[in-house]
Every structure is written in C-alpha cells, then in structure tokens.
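Report on the structure given below.
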Amino acid sequence: METRDLAIVIGQALTGDEELLRILHYVPEFDGDDPLDESKPSLLDNDDIDEKWALINTHIKNTPKTDDLTVNPIGRVLFFMGRRSNGVNNPDFDDQDVVFDVIMHEDYAINYQLEMAVDYLIKAFNDRQLGRFDRPSDQKVGIGRLKFDGSEPIGSISPGYIGHRIVFVATLRGRARVRSR
C-alpha cells in the first residue's frame, strides 16, 4: 500500500465513526453534557446525503485547514501524512508518520471533549490493522498496523481554539519509490 491508499483508508475510518463525530459535533450545553448520550440524534443515520456529508466535512479534514474556525464553535480532526523514512528493521519498507490534529473551540472545554477525542483516537487507531475495503483486491492485503508514536499540545491555532497533535507510524512498501520497468 502506498501513501495515497493510507490516506484514503484513514479517511474512510474517520468519516464512518459515529462516536468520534458526536464528540466533535455536540457542543456541551452544561457541565457533564455527554456527547455520546443516546438521546442525542445520530449524525450518520441521515437520509439527506448532502447534509450528512456537509456535517462530516465540517469535522473531518484531510488537510491542516483552520482558516474557517471563526464562524461557529466546532471540533475538528485534521489528518495528514507527516515524515516518511526508511524502515529501521527492513529496507524494503518505509515508516510513514500519520498525523492527527484534534482542534476544539474553548466552549468544549467544560466537558474536556478535546481530551475525550484524543483518548478516543489513540484507542481507536493504536495497533489497528487498516486496509482498503472499497476494492476487492485490497481486502486481503491491508497495510499492517498503526503504532502510536506520541502526542503533544498544539500552540496557537485560531482565537478561541485549542488543539492536540497525535502521531502514529504506519509501515509502507519502500519499493513504491522504485519504478518497475
């Protein structure tokens, strides 16, 4: 699997995750207002496909886009590929950093939803086997497992927003750099 496939499969995992979307979408109305409360409407069970994808695309981005964070308080996960280097244990494979920036408006702080989202992503992706399941030929191949590599707070993002960066390492075929003849 190459970098593009890795990005696609992570996007598929994030955009189909109801629990994560609830953490990012529901701004707490009071201390202890649980975004996972079953009385809150489902975000993915929406018959209006355009409305559903508008909501998903507000909260999940495959690029570090933050210039639109001034209108309404939101939570967002940005994911993108970081550093890629030769594999330490096997020269046929590369280590690819996968970066998740979790960004939330300070209105979410009353419930510690930033921390909730960080914990959720670490649990959801650490040691997770990923694969392209939208193409039958890739179903059996996968990319191996993501390994948690660390996290840290993000400095200034946009007025009223706080964030945390999470880094995982994925193993990719190093031979993708070499063209076959």
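The values are calculated or read from the model by the stated rules, or taken from the named source; none is laboratory data. Since the model is a prediction, treat every value here as computed from it, not as a measurement. As a convention, Cβ positions derive from the backbone with ideal geometry for all residues, glycine included, and neighbour counts pool all protein chains shown. Each accessible area value is taken on the protein alone, full model and side chains, heavy atoms only, with ligands, DNA and RNA left out. Shrake-Rupley method; radii C 1.70, N 1.55, O 1.52, S 1.80 Å.
For this structure, a couple of remarks:
- Packing rank of 157-168, 34-45, where each peptide gets the mean count of other beta carbons within 10 Å, highest leading: 157-168, 34-45
- Placing R0 at 22 angstrom, the Cβ-Cβ distance between Lys65 and Val99 gives a FRET efficiency of 0.95 after rounding to 0.05.
- Computed lengthening from Ala109 to Asn46, 0.36 nm per intervening residue step minus Cα-Cα distance: 19.9 nm
- Relative packing of 116-126, 100-110, which averages over residues the other C-beta atoms within 10 Å, highest first: 100-110, 116-126
- Under 5 Å between amide hydrogens, built in the peptide plane, is the criterion, and for Val98 it picks out Gly82, Phe168, Val169, Ala170 among residues at least 5 positions away or on other chains.
- Scaled against the 2.2 N^0.38 Å expected of a compact globular protein of N residues, the Cα radius of gyration of the range 1-112 reads 1.26.
- Here the dipole of the range 1-100 is about 540 debye; that uses its Cα centre as origin and unit charges on the Cβ of Lys and Arg (positive) and Asp and Glu (negative).
- Largest to smallest in accessible area, the residues Tyr26, Tyr112 fall in the order Tyr112, Tyr26 (1.4 Å probe, all protein chains included).
- Ordered by 1.4 Å accessible area with all protein chains kept, Leu21, Leu55 run largest first as Leu55, Leu21.
- Between Glu38 and Ser85, full extension at 0.36 nm per residue minus the direct alpha carbon distance yields a gain of 12.6 nm.
- Here the contact order of the range 1-69, divided by its residue count and restricted to Cα pairs under 8 Å and six or more residues apart, works out to 32 percent.
- Taken over the C-alpha atoms, the range 11-68 has Rg and Dmax values of 12.2, 33 angstrom.
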